[in-house]
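Derivation of every value follows stated rules applied to the coordinates shown; laboratory data play no part. Just so it is clear, the structure is predicted and the values come from calculations on it, not from any experiment. Positions of Cβ are backbone-derived with ideal geometry, glycine not excepted, and every protein chain shown enters the neighbour counts.
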Amino acid sequence: MPTNTKPDRPLWTEEFSVYAPEDKFVLRRQFSKFLVLTSFGMLAGNVWILFRSFLGRSNPKYAAKEIGLASQLQRGDVRLFNYPTNNDPCIMVRTRSGKLAAYSQKCTHLSCAVYYSKNENRLECPCHEGFFSAEDGTVLQGPPPRPLPLIQIEQRGNQLFAIGVVENREKS
Amino acid sequence: MNPILNEVRKRRRTVVDAAVAFLVILLIVQMWLLTATLEAYLAGNTGAALPGAMLSLLLFLGCFGLYRFVDRIYRT
C-alpha cells in the first residue's frame with residue numbers, strides 16, 4: 001500500500017510493486033488511465049465530426065461518362081454501369097412513371113448489390129430486405145440508414161451521360 | 001498486520017472497483033454516442049454534431065474525474 005512514508009523509493013516501484021495489495025491498486029489505476037485515454041479518443045472523434053459539419057460536405061466532381069442510349073430503356077428496364085470508377089457499380093432504371101433515375105448499386109447498409117423489382121417499382125437489397133424508392137432512392141423499409149447515392153444523369157440528344165454523384169441528401 | 005488498516009484497504013479497493021465500473025459504463029455510453037453522431041453525419045444530418053460533441057465532452061470530463069478519484073485514493 002503506497003503511503004507518504006516511503007519517499008526514498010525509486011519511481012519505478014510505484015508502477016511495478018512487489019506488494020500484492022499495492023499491485024492491485026496499480027492495475028486498477030492503469031486500467032482507469034487507459035479508459036480515460038479511450039474516452040479522449042472518442043471525444044476527438046466527436047469534435048472531428050463537429051468540425052466537418054461546420055465545413056460542410058461537398059460532392060466531388062467527376063468527369064462525365066457515356067452510359068448508353070435513352071431510347072433503349074423502356075419502362076421497367078434496367079441498365080448496369082460503373083461510375084465514377086470501375087469499382088463503383090451503379091444501376092439506372094426507367095421507372096413505372098417513365099422517369100430515368102440512376103443510383104449507386106451498393107446498399108447503404110452493408111454494401112450488398114441492390115436490384116430493381118419491376119412489380120413493386122422499387123430497388124431491393126436481397127441481403128437484409130432493405131427497400132429503396134426507385135423514384136428518388138429514399139429508404140422505404142429495412143435497415144439501410146440513408147438513401148442510395150444518386151447518380152446525376154444528363155441527356156444529350158439520345159445519349160445518356162453520368163455527370164456526378166450526390167451522396168449527402170437528407171434522410172427522408 | 002493491523003486489522004483496522006486491513007479493513008480500510010479492503011474498503012478502498014471496493015470504492016476503486018465501483019469507480020472503475022462506473023468509468024466503463026460512461027465509456028460505453030460515449031461509444032454509443034460517437035456511433036450515433038457519425039451515423040447521423042453520414043446520413044447528411046449535421047444537426048446532431050454539436051450536441052453530440054458537448055455530451056461527449058461531459059462524458060470525458062466524468063471519466064477524467066473518476067480517474068482523478070482513483071488516482072487520489074492510490075496516492076493517499
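Ordered by the count of other Cβ atoms within 10 Å of each Cβ, fewest first, A:LEU160, A:LEU100 give A:LEU100, A:LEU160. Once both labels are positioned 7 Å from their Cα atoms along Cα-to-Cβ, the gap between B:LEU50 and A:HIS128 label points is 3.1 nm. For the stretch B:42-53, 3J(HN,Hα) computed residue by residue from phi via the Karplus equation (6.51, -1.76, 1.60; θ = phi - 60°) reads 5, 7, x, 9, 8, x, 7, 5, 5, x, x, 5 Hz, glycine and proline entered as x. A simple rule links phi to the HN-Hα coupling: the Karplus curve 6.51 cos²θ - 1.76 cosθ + 1.60 with θ = phi - 60°, which for the stretch B:16-29 gives 5, 4, 5, 4, 5, 4, 5, 4, 5, 5, 4, 5, 5, 4 Hz, with x for Gly and Pro. Kindly identify chain B as rounded, prolate or oblate by the Cα gyration tensor criterion: order the square roots of the eigenvalues as a ≥ b ≥ c, call it rounded if a/c is under 1.5, otherwise compare a/b with b/c, prolate if a/b is larger, else oblate. Prolate.
For the stretch B:12-76 versus the stretch A:92-145, the spacing of their alpha-carbon centroids is 38 Å. Quick one: how many lysine pairs in the stretch A:26-172 have C-alpha atoms under 23 angstrom apart, if they're 8 or more apart or on different chains? Taking the Cα cut-off of 23 Å, the pair count is 8. For B:ILE25 and B:LEU61, the difference between the fully extended length at 0.36 nm per residue and the C-alpha to C-alpha distance is 11.6 nm. As a proxy for reagent exposure, ranking B:ARG9, A:ARG146, B:ARG72, A:ARG52 by other Cβ atoms within 10 Å from fewest up yields B:ARG72, A:ARG52, B:ARG9, A:ARG146.
Given +1 at the Cβ of Lys and Arg, -1 at the Cβ of Asp and Glu and no other charges, the dipole of the protein assembly as shown around its Cα centre is 440 debye to the nearest 20.
Counting every other Cβ atom within 10 Å of each residue's Cβ, A:MET92, A:MET42 order from fewest to most as A:MET42, A:MET92. Please say if the protein assembly as shown is rounded, prolate or oblate, where rounded means a/c under 1.5 for a ≥ b ≥ c the square roots of the C-alpha gyration tensor eigenvalues, and otherwise the choice is prolate for a/b larger than b/c and oblate otherwise? Prolate, since a/c reaches 1.5 and a/b exceeds b/c.
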